[in-house]
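Q: Mind having a look at this structure? Questions to follow.
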Amino acid sequence: MNNRIVIFSAILLAACGNNPSSRTVTDTAGARTVTAVSLLPDPDNFLDTADGQATGLYFLHNGNLTAAITNYGARLVSLIVPDKNGTPTDVVLGYDSIGKYLHRPDTYFGAIVGRYGNRIGHARFKLNGKEYTLYKNNGPNTLHGGKKGFDAVVWNARKLDTTTLRLTYISKDGEEGYPGNLQVTVTYLLDSNGLRINYEATTDKPTVLNLTNHSYFNLNGQGTGTIGNHTLQLNANYYTPVDSTLIPTGKIESVTGTPFDFTKPTAIGARINDSANRQIKFGHGYDHNFVLNTVKLGPPEGYEEHGPAAIATGDLSGIVMSVYTDQPGIQFYSGNFLNGTNPLKGGKTDGYRTAFCLETQHFPNSPNEPSFPSTVLKPGEKYSTWTYFKFSTK
Ligand code: BGC
């Protein structure tokens, strides 16, 4: 539970080689973390209230990996992994205080997005013959849960141990226009190789649900410039083309011969400005859902055996991130709307295409597209999905 008493003792312990110095620091749950904490934000800067509920910052630690998570939006604030030289590197964009998150929730930095990740066309859908009207926060469409999605609410946080944080949120019947009282649990679990996110939910009325994590990655380190030279490989032979408002047309098209072919490792920037391609134009770069090949391969338990959905590599750091998931799609967004207005941790700033998102999820607009895998959750069913971000170097 939120422990409001936070001791922040900045004892410099060591500065070894290029490694950022370590100091002891205590997070909101009262747990101690000593590795690479000079890269971590001060937990004191996350003590506040939003909607009358306490916010805080929680650290997870395992081997060489450290994560920081705030219960505001269940957001991943920092994810520190070693680069090819062993230097701790923070690979996600984030802010160093709760005030900045409250001021700019709409960047979705590190957030858990819900009830519906990405867009629902014309901000409405029908379920069991009844039409539900949602909030238009993206042209004619609704995006990432509406006016105040799961990214902008305070979750109840409970640290289970030094590697595990469990966050829960109850979304009331009718919240943001969606039916059903929904009980959501998101668990962040750091092992010695990566970060696993488990999503669980139940409802008391039929509803639609599509949860994801909206971290912006720069594997050379947040705030270090373009991601154009990162390489990306996606285990996806098909993608879902969109209209000019970024709603899928309903077609599933082959990536072969298009800038969407990432079936072999390819620089993100290599074809991103291919203005002859209408889809690239609509997305202002990449902002598309890829249909994962793994979706045809059977029960969720076996997904890791079928290989990663995505592999991204930082050209300067040598950090390799492999993304595993049981979800049918991945939204690859190349940071086309980042514009240098967001003050990042450590005095850095963001910038055009200086980070990318790999949002594992169901396809956008599925509630209105019967041919896409269903996002309906019924009473008595348990929503249970997972994604694992695994790190190595080369
Ligand atoms: C969307 C983008 C949007 C970004 C930030 C992505 O998931 O597809 O269009 O700009 O999130 O909201």
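Q: For the stretch 89-128, give me the residue count where each residue is in a strand (DSSP E or B), among the basic types (Lys, Arg) and over 21 Å from THR387 (Cα atoms). Even if it seems obvious, please write down each step before you answer.
A: First, the residues of the stretch 89-128 that are in a strand (DSSP E or B): 89-90, 92, 111-113, 116, 119-120, 124-127.
Within this subset, residues satisfying the condition of being among the basic types (Lys, Arg) are 119, 124, 126.
Next cut, over 21 Å from THR387 (Cα atoms) only: 124, 126.
Residues flagged as in a strand (DSSP E or B), among the basic types (Lys, Arg) and over 21 Å from THR387 (Cα atoms) within the stretch 89-128 amount to 2.
Q: Restricting to the stretch 343-352, count the residues that are closer than 16 Å to PRO105 by Cα and in a loop (DSSP other than H, G, I, E, B).
A: 2
Q: Out of everything in the stretch 129-155 that is surrounded by fewer than 17 Cβ atoms within 10 Å (Cβ to Cβ) and part of a loop (DSSP other than H, G, I, E, B), what residue ends up being nearest to the ligand (Cβ to nearest atom)?
A: Filtering the stretch 129-155 for residues that are surrounded by fewer than 17 Cβ atoms within 10 Å (Cβ to Cβ) and part of a loop (DSSP other than H, G, I, E, B), the one nearest to the ligand (Cβ to nearest atom) comes out as GLY139.
Q: Using the structure shown, decide if ARG104 is within 16 Å of the ligand (Cβ to nearest atom), under 21 Å from GLU359 (Cα atoms), buried (at least 24 other Cβ atoms within 10 Å of the Cβ) and not hydrophobic (A, V, I, L, M, F, W, C). Reasoning before the result, please.
A: Details: within 16 Å of the ligand (Cβ to nearest atom): yes; under 21 Å from GLU359 (Cα atoms): yes; buried (at least 24 other Cβ atoms within 10 Å of the Cβ): no; not hydrophobic (A, V, I, L, M, F, W, C): yes.
No: the conditions fail for ARG104.
Q: For the stretch 28-60, give me each residue that is in a strand (DSSP E or B), over 19 Å from the mean Cα position of the chain (by Cα) and not polar (S, T, N, Q). First the steps, then the outcome.
A: Step one: of the stretch 28-60, the residues in a strand (DSSP E or B) are 32-33, 48-50, 53-55, 57-60.
Cutting the leftovers down to over 19 Å from the mean Cα position of the chain (by Cα) gives us 32-33, 48-50, 53-55.
Passing the criteria: ARG32, ASP48, ALA50, ALA54.
Q: Might you let me know whether the stretch 126-140 holds any residue that is in contact (Cβ under 8 Å) with a residue 12 or more places away in the chain, under 18 Å from the mean Cα position of the chain (by Cα) and farther than 20 Å from THR349 by Cα?
A: Looking for residues that are in contact (Cβ under 8 Å) with a residue 12 or more places away in the chain, under 18 Å from the mean Cα position of the chain (by Cα) and farther than 20 Å from THR349 by Cα, one finds none in the stretch 126-140, hence no.
Q: Restricting the search to the stretch 189-236, which residues are among the hydroxyl-bearing types (Ser, Thr, Tyr) and away from the ligand (no atom under 16 Å from the Cβ)?
A: First, the residues of the stretch 189-236 that are among the hydroxyl-bearing types (Ser, Thr, Tyr): 192, 199, 202-203, 207, 212, 215-216, 224, 226, 231.
Selection gives SER192, TYR199, THR202, THR203, THR207, THR224, THR226, THR231.
One line per residue, one yes/no per condition, for (1) in a strand (DSSP E or B); (2) in contact (Cβ under 8 Å) with a residue 40 or more places away in the chain; (3) more than 16 Å from the ligand (Cβ to nearest atom):
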residue	(1), (2), (3)
MET321	yes, yes, yes
GLN327	no, yes, no
THR341	no, no, no
THR354	no, yes, no
GLU359	yes, yes, no
PRO364	no, yes, no
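Q: Which of the residues spanning the stretch 239-265 are under 22 Å from the mean Cα position of the chain (by Cα) and either within 30 Å of LYS136 (Cα to Cα) or in a strand (DSSP E or B) (or both)?
A: TYR239, THR240, PRO241, VAL242, THR245, LEU246, ILE247, PRO248, PHE260 - these are the residues of the stretch 239-265 that are under 22 Å from the mean Cα position of the chain (by Cα) and either within 30 Å of LYS136 (Cα to Cα) or in a strand (DSSP E or B) (or both).
Q: In addition: Report yes if some residue within the stretch 202-212 is part of a strand (DSSP E or B) and in contact with an Asp or Glu (Cβ under 7 Å, 6 or more places away or on another chain); otherwise report no. Please lay out each step first, then the result.
A: Residues of the stretch 202-212 that are part of a strand (DSSP E or B), as a first pass: 202-203, 207-208, 210, 212.
Filter again for in contact with an Asp or Glu (Cβ under 7 Å, 6 or more places away or on another chain), leaving 212.
Scanning the stretch 202-212, I find at least one residue that is part of a strand (DSSP E or B) and in contact with an Asp or Glu (Cβ under 7 Å, 6 or more places away or on another chain), so the answer is yes.
Q: Additional query: Somewhere in the stretch 108-125, is a residue under 23 Å from PRO248 (Cα atoms), away from the ligand (no atom under 15 Å from the Cβ) and of a type in the set (Lys, Arg)?
A: Yes, the stretch 108-125 has at least one match.
Q: Here's something else I'd like to know. Scanning for something in contact with an Asp or Glu (Cβ under 6 Å, 6 or more places away or on another chain), at positive phi and either free of Cβ contacts under 8 Å to residues at least 12 places away in the same chain or aromatic (Phe, Trp, Tyr) (or both), does the stretch 103-110 turn up at least one residue?
A: yes
None of the figures in this text is laboratory data; all of them are computed from the coordinates on show. A quick note: this is a predicted structure, and the numbers were derived from the prediction, not measured. Here Cβ is always computed from backbone atoms with ideal geometry, including for glycine, and neighbour counts include all displayed protein chains.
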